[in-house]
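Presented below is the structure to which this report refers.
The values are calculated or read from the model by the stated rules, or taken from the named source; none is laboratory data. Worth saying up front: this structure is predicted, and the values here are computed from it rather than measured. Ideal geometry is used to build each Cβ from the backbone, glycine not excepted, and the neighbour counts take in all protein chains shown. Just the protein is used for accessible areas: all its heavy atoms, side chains included, with ligands, DNA and RNA removed. Shrake-Rupley method; radii C 1.70, N 1.55, O 1.52, S 1.80 Å.
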Amino acid sequence: MQIKMRVFRFNPEVDQKPHYDTFTVDAAPEDRILDLLEHIKGYMDGTLTFRRSCAHGVCGSDAMRINGRNHLACKVLVHDLKLNDGTVTVEPLLAFRVIKDLVVDLEPFLKHYRNIMPYLVNDDPLPADGKERLQSPEERERFDDTTKCILCAACTSSCPSYWSNNEYVGPAAIVNAHRFIFDSRDRAGEQRLRILNEFNGVWRCRTVFNCTETCPRGIQVTKAIAEVKNAIISGKIDYVKSD
Amino acid sequence: MTQTHQFDVVIVGGGGAGLMAALYASRGAKTAVVSKLYPMRSHTGAAQGGIGAALGNIEEDHAEWHTFDTVKGSDYLGDQDAIEFMCNEAVQSIYDLEHMGFPFSRTPDGRIDQRPFGGHTNNVTGKPVRRACYAADRTGHMILQTLYQQCIKNETKFFDEFQVLDLLLVNGATAGVVALEIATGELHVFHAKAVILATGGFGRIWEITSNAYAFTGDGVALCLRHGIPLEDMEFFQFHPTGVYRLGILITEAVRGEGGVLINGKGERFMERYAPHVKDLASRDVVSRAMYLEMKEGRGINGKNFLYLDVRPETVNKYAEIDGRTRPDGSPYRVTGDEILSKVPDIVDFCKTYLGVDPVKQPMPVQPTAHYAMGGIPTDKYGRVVIDENNTVLPGLYAAGECACVSVHGANRLGTNSLVDLIVFGKHAGIDAANYAREAAFQTLPADPTEGARDQIDRLLNNNGDEKAAQIGHEMKTEMFDKVGVFRTGEGLEDAVDKIKELKERYKRVRITDRGKIYNTELLTTWELGNLLDLAEVTAISALNRTESRGAHAREDFPKRDDVNWLRHTLAWMEDGKIRLGYKPVVITKYQPKERVY
C-alpha cells in the first residue's frame, strides 16, 4: 500500500521556522515506521535527520511523536496505526529543543537523570568471601520493573507537568531513582527521597498517566512514582512488595 | 574552529568494553570517552541471555571447564593462554559487576542465578551446565546501564555524539584521535598518550543481522587504513535464531530454558546433528544444521525459516524425553508464566514484530549475522599487535567485539561476548593507565585534522550519480548470499568482485546534505566506506582459507585442516590491495581433536 509520511522539518542552518514535508512511500503492513524513515533518507531525501541504532526497541534512540503520541519509531508497525487519509505524521519529542528535524537536545533530560544519583551506593564492607551480596528473589523482584528503562525520554516529554516546567525532574528520572531506592543492597534511598521531596521533585507529578501509556518498555511509571511518594510520606522503604 | 583536548587515555566507544575500560583507566589516568552514540544507546544493551562464569552457584563447575568449552567452541583456533585468562578472570568480574549494582536474577538462597547455554558443559558428563549469569533476558541492557551508572558516579568525562574519523599515529606510537562533533560539524583533536578502541562489530555488512545500524566497524576500519592488520576476518558468527526476515536476536536462553528447533515436518532435527546436547550445540553447528534442513526442503512450508518452539507443552515433552531435571533432582517441567518470566523481552519482540505469542505459538526464525570473532589483533592486556611476531603498537589498545585477542577463534560460545568485554575492557583500561603513567605525549602532527578533513572533503565534493543506500543494499545482499553460513570458492570470488565494483561506485556517491549541523547523511556514507573495506577483507580472507572451521564452512573444503590451517589469518591493506599473512595459534593444554556435540 502507499502511505503518506508527513514529517516535521527544521534545519537551523537554513530555516527560520519549521515546516512539514510529505513523502509518499510504498509500505507493507509489517514495516516499522523506522523502515519508512530509512527509505526516505536513503532514496528520497538524504537530508532527513533522525537518530536510530538498534531498530528493535532496546537502545532508545528513535523516540519521536508518531500521530501525536510518543513511540519508538522501530517499535511501531504500519498496521499498528490508524491512518487518517493514509497519512502518518512524524514529529520530534515535545519539550526539548529541536537540533534538526527529528533530533532533539537531550542534555536537560540527562541532567535530571544524573541528579537523582542513578547508581548503587553501598560503602558497607563486601562479603568476607568476596562473592556476591545476597538478595532474595522477592527483593530482586521489588525493583524489576524500573530496571527496564532505556532512557528514551518518551515519558518525560509526554508529561504536561514537564511541558509547563522543565525544572521538574520528570518521570524518567523518578523511575531511575525508584530502581535504586527499592534495591535492598542500596544505602542512599533516603538521600534520593530528600532530592525528590524538593519543589521540583515527585510532587510536580499530577498522575496524568501519559508516561505509563507511552513507555515503550511497558514500565508502570505512574505506579513507580506513587511508590516513591508513599515512601516519602511514610518515611519507610519496603524492600519487598507489601501486597 | 578545531578544538584540541588533552587526556592521558582516550576511549573510543561507550559500550560495555569502553565503559569498563573507562572505569579502570580513570583510576590512574586522566580519561575521556568519545562515542558516536550516547553510551546508553550502545549495542551491548541488546545482549540478552547471559554472561558465563564458573561460579558453581547451582551445580559443580570450574573455570577450567569454561576454558575447555571455549577452546572447543573456537574449533581450536582460539589462543588458549588468553582463553584461560578470560575464564579465570570471569568469576571475579561477575562479583565486581554485582558489587557495582548489577541486578542479577537470583536463586532462592539469594545467590546469582545461572542458566544453561549452548556449548557450556560439565566436562565429565558432557551434559549442559548452568553457567550463564543473567538478568531475565536483558543481561546486556543491565551491564550497559550498570557501567554507565558507575561512570556517572565516577564523574567520567564523556564526549557524546562525537564520531571519531581518524587515528593519529606518530613515530610508530599513538598520539590521539580526531573526531567530528555531530551536533556542530566541528572537528576536535584528542591528544592522548593511549587510545582504547571499543567500537564494536560490523554485522551491518550482511542483509539479515541482529546488529544495530551503528555497527559499522569504525575502529576496525580505521586500523586497517593505518597499516594495522586485521585478524581472522573470515570468522563471523551467524546466530541460529534471528526473527525471520528482520534478523532481531532471539536469545539462546530460549533453548536454555527448554525451547527446541522444529522443521517443516515437525521434527526436532538437532538430535541428528548434535546427539548429546542437541539444541544447545554451539552456534555454528546449529546454524549449519538449520541451513541443511532448509536446503533439503524441510523449512516451514518449504520456506527459508524454521520454528523455535518454547510452548510449555513442547518444552515439557522434550524435557521428559531427555530426562532433564531441576537442580533438586525433580523433573524439569515449565508453565507459560515461567517462560514469560524468564524471557519477557523475547515475548514482547515476537508480539510486536510477528504478532506471535511464543507461549502459545512457535516463532519463525532464521540464522542472522551476529558477531565478529575477528578484528583488531591484541594481546590479553588489550594492546594492539601489528604483525606475525605480535609486536605491540605503543599506546594503542582495543577491547570488546572490535578486538581479536583471540578468545573466540573460529566460533564464539554464547555469553562469551559479555565475558570478553568485561574482562578485556577492564584490563585494557588498567594497562592503558599504566602505560600513560610512564609514557610521554607524542608531538601532534603539524596538521592533525588533515586526514579527517580529506575524508570528509572527498565525500562532500563527489558529484556523482550513486546513492549510498543502494550500494549498501547490494553489499548486504551479496554478502548474505555468498559469504554467509555456507561458502564456496566460486561464490567468494563473485563476492570479492562485487565488493570491488561497489567500492568503485562508492567513489561516485553523491551526498545531498551539505550542512554542518547533525549531518547524518555524511556520517552514514562514511560508515558505508568502512563496511565496504571490511566486507572486502572478510570475503578475501574467506576465499583464501581452504578448509572448514567453526563459523567458516566451505562446501568445497568441508573438513577442518589442522596441518595447513591451524593458524590465524592476518590481512593488511596496502595501496588499496589486501595482503594476507599468518600467525600461529597459542596451544597450551588442549591439543586439537574432532569436535562433537
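Details
- Taken over the alpha carbons of segment B:114-199 as equal point scatterers, the Debye sum produces base-10 log I(q)/I(0) values at 0.23 Å⁻¹ of -1.12.
- Segment B:432-502, accessible area per residue, ligands and nucleic acids excluded (1.4 Å, Å²): 50
- The residues of segment B:211-229 listed by number as losing at least 20 Å² of accessible area in the complex, against the isolated chain and with a 1.4 Å probe, are B:ALA212, B:TYR213.
- Heavy-atom surface analysis with a 1.4 Å probe gives segment A:150-233 a carbon and sulfur content of 51 percent of its accessible area.
- Degrees between helix B:63-73 axis and first principal axis of chain B (Cα, 0 to 90, nearest 10): 80
- Column: log10 I(q)/I(0), Debye, Cα scatterers of segment B:517-597, q = 0.11, 0.23 Å⁻¹: -0.45, -1.15
- Share of carbon and sulfur in the accessible area of segment B:1-88 stands at 44%, probe radius 1.4 Å.
- Residues of segment A:47-63 whose accessible area (probe 1.4 Å, heavy atoms of protein chains only) drops by at least 50 Å² once all protein chains are present, relative to their chain alone: A:ARG51, A:ARG52, A:SER53, A:HIS56, A:VAL58.
- Mean shadow area of segment B:231-359, taken as a quarter of the surface of its Cα convex hull (nm²): 9.1
- Here is how the number arises for chain B: DSSP H runs of 4 or more residues each give -39500 (n - 2.57), the sum is divided by the residue count, and the result at 222 nm is -11000 deg cm²/dmol.
- Dimensions of the protein assembly as shown based on its C-alpha atoms, expressed as ranges along the principal axes with the largest first, amount to 73, 69, 63 Å.
- About the Cα centre, charge dipole magnitude for segment B:83-211 (Lys/Arg +1, Asp/Glu -1 at Cβ), debye: 560
- Look at the dipole of chain B built from charges on Cβ: of B:THR335, B:GLY200, B:GLY140, the Cα furthest out on the positive end belongs to B:THR335.
- Residues whose amide H falls under 5 Å from that of B:ALA135, counting only those 5 or more places apart or on a different chain, are B:SER105, with hydrogens built in the peptide plane.
- Dipole of segment B:94-138, positive direction: furthest Cα of B:GLY110, B:GLY126, B:HIS99, with charges on the beta-carbon: B:GLY126
- In this structure chain A gives 41 Å² per residue of accessible area when probed at 1.4 Å with all protein chains present.
- Separation between Cα centres of segment A:89-104 and segment A:13-77, rounded to whole Å: 11
- Considering only alpha-carbon pairs that sit under 8 angstrom and 6 or more positions apart, the relative contact order computed for segment B:342-475 is 17 percent.
- The largest-to-smallest principal axis extents of the Cα set in segment B:451-597 are 58, 30, 29 Å.
- DSSP beta bridges confined to the protein assembly as shown are antiparallel in about 70 percent of cases.
- D by Stokes-Einstein for segment B:25-109, Kirkwood Rh over Cα pairs, 4 °C, 1.567 mPa s: 83 µm²/s.
- Per residue Cα convex hull volume in Å³ - calculated over segment A:71-110: 90
- Scoring B:499-506, B:81-88, B:401-408 by mean Cβ neighbours within 10 Å over their residues and listing the highest first yields B:401-408, B:81-88, B:499-506.
- In segment B:1-99, the trypsin sites (Lys or Arg not before Pro) that fall in loop regions by DSSP, at most 15 other Cβ within 10 Å: B:ARG27
- Angle between chain B longest axis and helix B:16-25 axis [Cα atoms, degrees, rounded to 10]: 60
- Two-decimal log10 I(q)/I(0) for segment B:57-106, as the Debye equation yields it once each C-alpha is a single scatterer, q = 0.28, 0.33 Å⁻¹: -1.00, -1.15
- Probing with 1.4 Å while keeping every protein chain in the model, the per residue accessible area of segment B:290-340 equals 54 Å².
- Sequence-distant contacts, meaning Cα pairs under 8 Å at least 6 residues apart, place the relative contact order of chain A at 18 percent.
- Calculated over segment B:365-440: convex hull of Cα atoms, volume per residue (Å³): 87
- The label point for B:LYS157 and the one for B:VAL170, both projected 7 Å from the Cα toward the Cβ, are 1.7 nm apart.
- Between the Cα long axis of helix B:520-544 and the first principal axis of chain B there is an angle of about 60°, rounded to the nearest 10.
- Its Cα gyration tensor gives segment B:374-511 an equivalent ellipsoid. The semi-axes, each the square root of 5 times an eigenvalue, are 33, 26, 13 Å from largest down.
- Along its first, second and third principal axes, ordered by size, segment B:1-152 spans 64, 37, 26 Å in Cα coordinates.
- Note, ³J(HN,Hα) from phi for segment B:235-249, Karplus 6.51, -1.76, 1.60, rounded to Hz, x at Gly and Pro: 9, 10, 7, 9, 6, x, 10, x, 4, 3, 6, 8, x, 4, 5
- Buried area at the A-B interface (accessible, heavy atoms, 1.4 Å probe, summed, Å²): 5300
- Semi-axis lengths, Å, chain A, gyration tensor of Cα atoms, sqrt of 5 times eigenvalues: 38, 19, 16
- Here segment B:167-207 is treated as an ellipsoid with the same Cα gyration tensor; its semi-axes, largest first and in whole Å, are 23, 18, 8.
- At most 10 other Cβ within 10 Å, DSSP loop - chymotrypsin sites (Phe, Trp or Tyr not before Pro), segment A:155-243: A:PHE199
- Most mobile listed residue (A:SER184, A:SER53, A:SER61) in chain A, GNM with C-alpha springs under 10 Å: A:SER53
- Residues in segment A:145-160 that, when all protein chains are in place, have 10 Å² or more less accessible area than the chain alone would give (probe 1.4 Å): A:THR147, A:LYS148, A:CYS149, A:ILE150, A:LEU151
- With contacts taken as Cα pairs under 8 Å at a separation of at least 6 residues, chain B carries a relative contact order of 22 percent.
- Diffusion constant of segment A:131-210 at 37 °C, which comes from Stokes-Einstein with the Kirkwood Cα-pair radius and 0.692 mPa s, µm²/s: 240
- Cα convex hull, chain B: 140 Å³ per residue, rounded to a whole number.
- Dipole moment magnitude, nearest 20 debye, the protein assembly as shown about Cα centre, only Lys, Arg, Asp, Glu C-beta charged: 1180
- Alpha-carbon Rg/Rh ratio, for segment A:49-148, with Rh computed the Kirkwood way: 1.14
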